[in-house]
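Student: Sharing a structure with you now.
Laboratory data are not the source of any read-out in this text; all were calculated from the coordinates shown. As the structure is a computational prediction, the values presented were derived from the model and not from experiment. Positions of Cβ are generated from backbone atoms using ideal geometry, with glycine treated the same way; all protein chains shown enter the neighbour counts.
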Amino acid sequence: MSKIIAPSILAADFCNLQRDVEMVNTSDAEWFHIDIMDGVFVPNISFGMPVLEAINKHANKFIDVHLMIVDPDRYTKTFADLGANMLTVHYEASTHLHRNIQNIKSYGMKAGVALNPHTPVHLLQDIIQDLDMVCLMSVNPGFGGQHFIENTYPKIKELRTLIEAKNASTLIEIDGGVNNKNAGKLIAQGADVLVAGSFVFKSNKPIETISELKQIANT
């Protein structure tokens with residue numbers, strides 16, 4: 001399948017959010033990546049429900065919502081109602097992960113699990129077949145613009161091996177520090193979805209930057 005580019009709206013200009021959403025609409029990107037942070041699970045606060053609702057009024061592509069919050073199961077229905085197509089919860093924030101995943105799917109969304117940089121891939125071996133996606137954090141979650149963590153490469157390879165061993169169809173998403181220098185290697189190791197925030201929105205020509213990433217990912 002074609003590799004997916006998912007610009008992270010966390011890096012957009014909040015004073016010109018509609019403009020940036022419409023830019024992504026017209027670009028080669030397939031997904032919007034939306035980070036929800038609560039200031040508890042991560043040391044930052046980002047979008048709340050009204051902002052996601054506003055984004056969804058203008059977005060015409062797949063909405064990939066990444067919850068960096070404690071007790072994410074409380075809000076599953078809320079995010080389904082707000083138009084999330086994929087809802088990703090953190091392994092580290094989910095006491096009853098299997099139940100959380102089934103709950104997400106019961107509302108018609110695809111279900112993902114995110115792993116922090118220190119969390120090993122093998123912890124997903126008993127649930128990988130239930131997951132539509134695994135998001136590997138290639139920076140510590142909570143802030144945009146961080147440097148890419150090199151240990152992500154072997155984690156991708158290990159995760160790809162697990163997915164194939166379990167005959168699963170799970171996508172691998174990479175979130176953090178993605179740019180035109182590492183995109184090709186990430187795809188070569190087995191990634192399917194590249195989340196790019198600062199690299200896209202700090203570009204003078206974001207549409208061209210997205211096209212460049214798309215071309216690298218699918219070469």
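Student: Taking the number of other C-beta atoms within 10 Å as the exposure measure, put Ile34, Ile149, Ile5 in order starting with the fewest.
Tutor: So the ranking, lowest neighbour count to highest, is Ile149, Ile34, Ile5.
Student: Kindly provide the helix-only [θ] at 222 nm of the chain, computed as the sum of -39,500 (n - 2.57) over DSSP H runs of four or more divided by all residues, to the nearest 500 deg cm²/dmol?
Tutor: When only DSSP H runs of four or more count, the value is -9500 deg cm²/dmol.
Student: If you take the charge dipole of the chain about its Cα centre, with +1 on Lys and Arg Cβ and -1 on Asp and Glu Cβ, which of Ile104, Ala59, Ser2 is farthest toward its positive end?
Tutor: Ser2
Student: So, one more: Can you put Val24, Val70, Val139, Val193 in order of Cβ neighbours within 10 angstrom, beginning with the fewest?
Tutor: Val70, Val139, Val193, Val24
Student: Please arrange Ile207, Ile174, Ile9 by how many other C-beta atoms lie within 10 Å of their C-beta, fewest to most.
Tutor: Starting with the residue having the fewest Cβ neighbours, the order is Ile207, Ile9, Ile174.
Student: Report the local net charge at His66: Lys and Arg +1, Asp and Glu -1, summed over other residues whose C-beta lies under 10 Å from its C-beta.
Tutor: So the environment of His66 carries a net charge of -4.
Student: Nearest 20 debye, what's the magnitude of the dipole of the chain about its Cα centre given +1 on Lys and Arg Cβ and -1 on Asp and Glu Cβ?
Tutor: I would put it at about 260 debye.
Student: Using a Cα-Cα cut-off of under 27 Å, which lysines could be cross-linked to Lys202, ignoring same-chain neighbours fewer than 8 residues away?
Tutor: Leaving aside lysines fewer than 8 places away in the same chain, those within reach of Lys202 are Lys3, Lys57, Lys61, Lys181, Lys185, Lys214.
Student: If you restrict to DSSP beta bridges whose two residues both lie in segment 24-111, what percentage is antiparallel, to the nearest 5?
Tutor: Approximately 10 percent, going by the DSSP bridge assignments.
Student: Here's a follow-up. Taking the dipole about the Cα centre of segment 91-219, with the C-beta of Lys and Arg at +1 and of Asp and Glu at -1, give me whichever of Asn116, Ala196, Ala165 is farthest to the positive side.
Tutor: The listed residue farthest towards the positive side: Ala196.
Student: Next up: Between segment 1-27 and segment 42-86, what's the alpha-carbon centroid distance in Å?
Tutor: 15
Student: Using the Cα gyration tensor of segment 4-217, with a ≥ b ≥ c the square roots of its eigenvalues, what is the shape: rounded (a/c below 1.5), prolate (a/b larger than b/c) or oblate (neither)?
Tutor: Judged from the Cα gyration tensor, segment 4-217 comes out oblate (a/c at least 1.5, b/c at or above a/b).
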